[in-house]
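*Asks:* Just passing along the structure, written as structure tokens.
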Amino acid sequence: MARTILIADDHPLFRQALAMAAGNVAKDARLVEGATLASALLEAQAADDLALILLDLKMPGADGFSGVALLHAEKPEVPILVVSSEAAAGTAQNALRFGAVGFIGKDSDLSVIEAAIADALSGKRLAAPVDPLLDPVAAQIASLTPTQLKVMLGVMQGRLNKQIAFDLGLSEATIKAHMTSILKKLDVQNRTQAVLAAKALGLAPA
């Protein structure tokens, strides 16, 4: 059965390494690549048979865990395996909170990466999922649509509604409507509180 695997990483050599690992595991798969978050999102949107996303956390266009959150919102049924050099305490758990099924380090052996890819493709989680009942933050982020996440990221960059509207090709009234929904979903009263909440969640650097 035809299927597509997306490799999202800004380092060409590591994309090649991941492509080799993915090809060894899924010889029938079509491999597509994205060097920026924007290009990865376009590839994800275009692939109707997307089976797996291999994602680096630190790539152009991604703030904090926004790459995981945006790709998960865009393709919630597709497993995301984070392959990152980021080793800070809590990084793996935060990646899971935003929708990843697993987290492995870039310094892992090829055999470890291949095993993780095989598990993710077979529907296995590489770590216990975050319980939304125990972690309401996960549920709040999961409730945001891809467009709402993009609006939220624009707000976090200090952009005005009319600037975000221009960036996304939407009307200012539509952006205001999205902001109303975002405030309600994050259970906050204003833009400042929304930004502070999102930064606390790790959606962007504090």
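*Asks:* Among the residues of the stretch 91-107, write down those that are free of Cβ contacts under 8 Å to residues at least 40 places away in the same chain and over 9 Å from the mean Cα position of the chain (by Cα).
*Replies:* Within the stretch 91-107, Thr91, Ala92, Gln93, Leu96, Val101, Gly102, Phe103, Ile104, Gly105, Asp107 qualify.
*Asks:* Going through Leu31, Leu42, Leu71, Leu57 one at a time, which residue ends up being without any contact (Cβ under 8 Å) to a residue 24 or more places away in the chain, out of contact with any Leu (no Cβ under 6 Å at 6 or more places or on another chain) and either open to solvent by 10 Å² or more (accessible area, probe 1.4 Å) or outside any loop (DSSP other than H, G, I, E, B) (or both)?
*Replies:* Details: Leu31 fails: without any contact (Cβ under 8 Å) to a residue 24 or more places away in the chain; Leu71 fails: without any contact (Cβ under 8 Å) to a residue 24 or more places away in the chain; Leu57 fails: without any contact (Cβ under 8 Å) to a residue 24 or more places away in the chain.
Within the list Leu31, Leu42, Leu71, Leu57, the selection yields Leu42.
*Asks:* Taking the condition of being surrounded by 15 or more Cβ atoms within 10 Å (Cβ to Cβ) and either closer than 13 Å to Leu55 by Cβ or among the polar types (S, T, N, Q) (or both), how many residues in the stretch 94-112 meet it? Give the derivation first.
*Replies:* Applying the first criterion (surrounded by 15 or more Cβ atoms within 10 Å (Cβ to Cβ)) to the stretch 94-112 yields 94-106.
Imposing the further condition that a residue be either closer than 13 Å to Leu55 by Cβ or among the polar types (S, T, N, Q) (or both) reduces the set to 94-96, 98-104, 106.
The total comes to 11.
*Asks:* List the pairs whose first member sits in the stretch 155-178 and is assigned to a helix (DSSP H, G or I), whose second member is aromatic (Phe, Trp, Tyr), and whose Cβ atoms are under 8 Å apart, counting only residues at least 6 apart or on separate chains?
*Replies:* Matching pairs, first to second residue: none at all.
*Asks:* Additional query: Would you pick out the residues in the stretch 193-202 that are within 14 Å of Val151 (Cα to Cα) and either of a type in the set (S, T, N, Q) or at pLDDT 85 or above (or both)? Break it down stepwise before answering.
*Replies:* Restricting attention to the stretch 193-202, the residues satisfying the condition of being within 14 Å of Val151 (Cα to Cα) are 194-195, 198.
Residues satisfying the conditions are Ala194, Val195.
*Asks:* Which one of these does Glu86 not meet: (1) part of a strand (DSSP E or B); (2) under 19 Å from Ser108 (Cβ atoms)?
*Replies:* Of (1) part of a strand (DSSP E or B); (2) under 19 Å from Ser108 (Cβ atoms), only one is false for Glu86: (1).
*Asks:* Would you check if Ser85 is among the polar types (S, T, N, Q) and either buried (at least 24 other Cβ atoms within 10 Å of the Cβ) or more than 15 Å from Leu18 (Cβ to Cβ) (or both)? First the steps, then the outcome.
*Replies:* Working: among the polar types (S, T, N, Q): yes; either buried (at least 24 other Cβ atoms within 10 Å of the Cβ) or more than 15 Å from Leu18 (Cβ to Cβ) (or both): no.
Against the criterion (among the polar types (S, T, N, Q) and either buried (at least 24 other Cβ atoms within 10 Å of the Cβ) or more than 15 Å from Leu18 (Cβ to Cβ) (or both)), Ser85 does not qualify.
The values are calculated or read from the model by the stated rules, or taken from the named source; none is laboratory data. Note that this is a predicted model, so its numbers are computed, not measured. Quick reminder, even Gly has a Cβ in these numbers, built from the backbone with ideal geometry, and neighbours come from all protein chains shown. The protein model used for the area step is the full one, side chains on, heavy atoms only, and it has no ligands, DNA or RNA in it. Shrake-Rupley method; radii C 1.70, N 1.55, O 1.52, S 1.80 Å.
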